Structures are given as C-alpha cells and as structure tokens.
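Shown next, in structure tokens, is the structure this report addresses.
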Amino acid sequence: MTKWMDISQRLDSHVPTWPGDTPFSYRLTWTKQMSGSVNVGQFTMSTHTGTHIDAPFHFDENGKRVLELDVNLYVGPARVIHLSDVERGKAASIGVDEVAQIDLQGVTRLLIRTGAWADRRVFPEKIPEIHPDLAEYLAKCGVRLLGLDLPSVDPLDSKALPAHHALTRHHIHILEGLVLDDVPAGDYELVALPLPLADADGSPVRAILRPMGPCNGAIEACGDERGV
C-alpha cells in the first residue's frame, strides 16, 4: 500500500508566526511525577499558525466559522501543480495566465507549489499573491479548495484581502502553509481536516497526501482522470 506523505509544517517553538501574532508554545501542566500517572500538556497558538485553513469569518464578520464548513471539501482527490515561473521569480503573482496551460477541468481540490517560501524557519517578507481574477476561473473549472505552500493568498501587507474575498465569493475554500517541496505534480488523495472549533476563524490541520493509482507522476501523464 502506498504510504501517506505529511505535507504539514511541524508545530514547535521554531514554527514562524505572522508578525505580532501568538507564538506557538507547548508545556506540561502535569508531569507523571506530579500526577502519579500521566503527562498532560497544554499548547498555545494562533489559529493561523503553520498549515491551516481559513474560515470566511477570518475576513468577514458575517462569514461562516470553522464548524460550519463542509468537512468533505478537505478530504478527497486533489491535484498538485508546480508553477516554475513563480518558483524562479519570473512571476510576482498567480493569475489565470500562470495556470491556463494546465488541465484543471473537474479538479475539486487544487494544491499549488510555488517554492517561494524557501526557509520556513522565518516568516517571509514577500510572497506571490493570488490574483483575484483567478477565483472565477478556478470556480468554472470546478475547484472548491485551493491550497498553497504560502502563509496567505494575499500580499502580506494587504488590509483589503481581495483574493480571500474573491475566493469566498466563488465558494472556494482556502488552505495555507502546505509543505510541497518534495511532492511531484500529479493526482493524490488529500486529507486536511480542520478541528471542530465551533466559533473559530481558522484551524490548524494535519495535511497528508497519497498518490492515486497509476496517475502519480506528471500531470500530463494523468490524461483524462479527474478529481471530484
């Protein structure tokens, strides 16, 4: 059986957080010596640390919160694509032109490797953002979940967050902070379930991938196989 690949960031004291946001910490509140039976830990973190999903409430006061989201969107077939122009610095943003030559028809979950966040021990100063016009294009292809190896879909200094809003208007959910460095382009099974946080604006996830059948090589080799 093909093994699952972990594409999540490790949660420890070295995981970078958004400047000014809550740093990650873990400590034992009870030790086995203190309790006589068990170690019990406590962690503190932002809902947007490491690999995580954004709920619409993150940027819309009237948006859905984590527990209102359809968990089925975070489990199922996914397509991983590589944007070499972005990785080489030839494209400063990700729009329709960057994906137009890739067959995305019928793909429900799209994961994009940009390679732009090279050192994940440090929060990046700049990232290639998603162009808002891409949302409509992806929606027409059937995409319902967009995942990136970046901490945001918008410029890091953006207050308006146009890509977040555009994706949500087109019913596309957002998965950020993936680790896709060693993942070949192709079709996979994805599991990236958020925690059942009733009122939260986002949630950390443990994102994992497993190649799908014979189509675990380049996208071009996967022909007409569709992710649904």
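The values are calculated or read from the model by the stated rules, or taken from the named source; none is laboratory data. Predicted model, so just to flag it, every value in this text is computed and none were measured. Cβ coordinates were reconstructed from backbone atoms using ideal geometry, including for glycine residues, and neighbour counts include every protein chain displayed.
Checking the structure you have, find out if any residue of the range 208-223 is hydrophobic (A, V, I, L, M, F, W, C), farther than 22 Å from residue 105 by Cα, modelled with pLDDT of 95 or more and surrounded by fewer than 16 Cβ atoms within 10 Å (Cβ to Cβ).
Checked the range 208-223: no residue is hydrophobic (A, V, I, L, M, F, W, C), farther than 22 Å from residue 105 by Cα, modelled with pLDDT of 95 or more and surrounded by fewer than 16 Cβ atoms within 10 Å (Cβ to Cβ).
Is the range 162-178 home to any residue that is hydrophobic (A, V, I, L, M, F, W, C), at positive phi and either within 14 Å of the chain's Cα centre (by Cα) or surrounded by 15 or more Cβ atoms within 10 Å (Cβ to Cβ) (or both)?
Filtering the range 162-178 for residues hydrophobic (A, V, I, L, M, F, W, C) gives 163, 166-167, 172, 174-175, 178.
The next check asks that each one be at positive phi; those that pass are none.
Among the residues of the range 162-178, not one is hydrophobic (A, V, I, L, M, F, W, C), at positive phi and either within 14 Å of the chain's Cα centre (by Cα) or surrounded by 15 or more Cβ atoms within 10 Å (Cβ to Cβ) (or both), which makes the answer no.
Consider the range 148-199. How many of its residues are of a type in the set (Asp, Glu), within 18 Å of residue 16 (Cα to Cα) and either without any contact (Cβ under 8 Å) to a residue 40 or more places away in the chain or touching a Cys at 6+ places or on another chain (Cβ under 8 Å) (or both)?
3
So, in the range 108-154, how many residues would count as being at pLDDT below 95 and of a type in the set (Gly, Ala, Ser)?
Residues in the range 108-154 being at pLDDT below 95 and of a type in the set (Gly, Ala, Ser): 3 in total.
Would you pick out the residues in the range 116-139 that are under 13 Å from residue 151 (Cβ atoms), touching a helix residue (DSSP H, G or I) at 6+ places or on another chain (Cβ under 8 Å) and assigned to a loop (DSSP other than H, G, I, E, B)?
Within the range 116-139, 116, 128 meet the criteria.
Looking at 169, 121, 109, 144, can you tell me which residue is in contact with a strand residue (DSSP E or B) (Cβ under 6 Å, 6 or more places away or on another chain) and more than 19 Å from residue 47 (Cβ to Cβ)?
Just one listed residue meets the conditions, 109.
Consider residue 158 carefully, then state whether it is in contact with a strand residue (DSSP E or B) (Cβ under 8 Å, 6 or more places away or on another chain), modelled with pLDDT of 95 or more, over 16 Å from residue 52 (Cβ atoms) and of a type in the set (Gly, Ala, Ser). Please lay out each step first, then the result.
On the way: in contact with a strand residue (DSSP E or B) (Cβ under 8 Å, 6 or more places away or on another chain): yes; modelled with pLDDT of 95 or more: yes; over 16 Å from residue 52 (Cβ atoms): yes; of a type in the set (Gly, Ala, Ser): yes.
Yes; evaluated as a whole, the condition is true for this residue.
Do we have any residue at all in the range 45-54 that's in a strand (DSSP E or B) and without any contact (Cβ under 8 Å) to a residue 40 or more places away in the chain? First the steps, then the outcome.
Initially, the range 45-54 is screened for residues in a strand (DSSP E or B), giving 52-54.
After this cut, where a residue has to be without any contact (Cβ under 8 Å) to a residue 40 or more places away in the chain as well, the list is none.
Within the range 45-54, not a single residue is in a strand (DSSP E or B) and without any contact (Cβ under 8 Å) to a residue 40 or more places away in the chain.
In this structure, is residue 188 over 30 Å from residue 1 (Cα atoms) and aromatic (Phe, Trp, Tyr)?
No, not satisfied.
Any residue in the range 80-97 that's at pLDDT below 75 and part of a helix (DSSP H, G or I): show its pairings with residues that are surrounded by 13 or more Cβ atoms within 10 Å (Cβ to Cβ) and not small (Gly, Ala, Ser) at Cβ separation under 9 Å, as long as the two are six or more apart or on different chains.
Pairs found: 87/113; 87/114.
A quick yes/no check of all residues on (1) under 20 Å from residue 196 (Cα atoms); (2) surrounded by 12 or more Cβ atoms within 10 Å (Cβ to Cβ); (3) polar (S, T, N, Q):
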site: 23; (1), (2), (3): no, yes, no
site: 38; (1), (2), (3): no, no, no
site: 42; (1), (2), (3): yes, no, yes
site: 51; (1), (2), (3): yes, yes, yes
site: 56; (1), (2), (3): yes, yes, no
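Which numbered condition trips up residue 145, out of (1) among the aliphatic types (A, V, I, L, M); (2) closer than 21 Å to residue 9 by Cα; (3) surrounded by fewer than 21 Cβ atoms within 10 Å (Cβ to Cβ); (4) touching a residue at least 40 places away in the same chain (Cβ under 8 Å)?
Looking at each condition in turn, residue 145 falls short on (3).
Filter the range 80-106 down to residues that are under 16 Å from the mean Cα position of the chain (by Cα) and over 30 Å from residue 20 (Cβ atoms) and give me whichever is surrounded by the most Cβ atoms within 10 Å (Cβ to Cβ).
In this case the residue turns out to be 80.
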